[in-house]
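Here the structure comes first, spelled out in structure tokens, and everything after it is commentary.
Derivation of every value follows stated rules applied to the coordinates shown; laboratory data play no part. Just so you know, these numbers come straight off a predicted model, no measurement behind them. Heads up, the Cβs are rebuilt from the backbone with ideal geometry, glycines too, and the neighbour counts pull from every protein chain shown.
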């Protein structure tokens, strides 16, 4: 079963509908116990790094998320959900992340000719076969 973490900041319904569209069942999980019960976990996110990390900590979801990842279970971070996996984020100050990946998340500098942030769809091509 796929669990989508609800910490009050995320496009939960869009993510859930996406899984349903491809024939997968996904449920919204809101507690450490529910996170422990799923085989796959998705951490979506919309909003500010600081606020999102604060909510994960307030709801005591951080240990369950880290345990899931440490158990080598499939995990997907979407947008802010991926950013929070790093050591630190520099949006509106310096804020500690989950520390799964070494490094920091910071805003791109303005570059003429580049649209930042990039929003929309692009085509992906796999260079090598993906595992089943």
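Just a few scattered comments:
- Build a GNM of the chain with springs between Cα atoms under 10 Å apart, and of 22, 38, 46 the one that fluctuates most is 22.
- For the chain, built as a Gaussian network whose Cα springs stay under 10 Å, the top-fluctuating residue of 30, 102, 50: 102
- Relative exposure of 128, 88, judged by other C-beta atoms within 10 Å (fewest first): 128, 88
- Rg/Rg_globular for segment 65-127, with Rg_globular taken as 2.2 N^0.38 Å and Rg from C-alpha atoms: 1.38
- Beta bridges per DSSP, both residues in segment 2-105: antiparallel share near 15 percent.
- Working from Cα pairs under 8 Å separated by at least six residues, relative contact order for the chain is 20 percent.
- Computed packing ranks the peptides 78-84, 54-60 as 78-84, 54-60, most packed first, by mean other Cβ atoms within 10 Å.
- Where only C-alpha atoms are counted, convex hull volume of the chain per residue in Å³: 142
- Highest-MSF residue in the chain out of 71, 48, 36 [GNM, Cα springs under 10 Å]: 71
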